[in-house]
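Asks: Quick one: this structure, given as C-alpha cells, is what I'll be asking you about.
The values are calculated or read from the model by the stated rules, or taken from the named source; none is laboratory data. Not measured: the values here are computed from a predicted model. Note: ideal-geometry Cβ built from the backbone for every residue, glycine included; neighbour counts use all protein chains shown. Please note that ligands, DNA and RNA were not included when accessible areas were found on the heavy atoms of the full protein model with its side chains. Shrake-Rupley method; radii C 1.70, N 1.55, O 1.52, S 1.80 Å.
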Amino acid sequence: MRSRERYELIFVNATVPDTEDVVVVHRTDSSGPGGHPVYADDTGIVRAEISDRDEVRMIASGGHQVHAAAVSARPVS
C-alpha cells in the first residue's frame, strides 16, 4: 500500500479543554526508526514517522525538543 503524501498532525493541549493545534506535514524521502515514512512541515522543524495505521512517532529535529503527549494524524486529500 502506498503511503499518503500529506497529513495533518493534531496536537491536543491538555491544559486547555477543547483546544488543538494543527500542522500540515508532507512526505519526505526518509524513513524513521520503525521503517515507516517520515513527514515534515515546510520548515523541517516538525517531523514525524507515520505508520500505515496512522500511528505517529514524533522525531526530534533539534536539541531540547519536548513533544506533546497527545498527537494524532489525519490524512489530507
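Asks: What label, among (i) 48, 27, 19; (ii) 52, 23, 15; (iii) 37, 31, 22, belongs to Cα extents along the principal axes in Å computed from the structure on display?
Replies: Of the labelled values, this structure produces (iii).
Asks: Under a 1.4 Å probe, what is the accessible area of the stretch 6-66 per residue, stated in Å²?
Replies: Roughly 64 Å² per residue, with all protein chains present.
Asks: Something else about it: Using 7 Å Cα-to-Cβ label points, what is the SER61/ASP21 separation (nm, one decimal)?
Replies: 1.2 nm
Asks: Run the accessible area of the chain with a 1.4 Å probe and give the carbon-and-sulfur part as a rounded percent.
Replies: The computed percentage sits at 48.
Asks: Then there is this: By how many nm would the segment from ASP41 to ASN13 lengthen if fully extended, with 0.36 nm per residue of separation less the alpha-carbon distance?
Replies: Roughly 8.1 nm would be gained on extension.
Asks: To continue, here is another question. Could you sort SER72, SER51 by accessible area so the largest value comes first, with the probe set to 1.4 Å?
Replies: SER72, SER51
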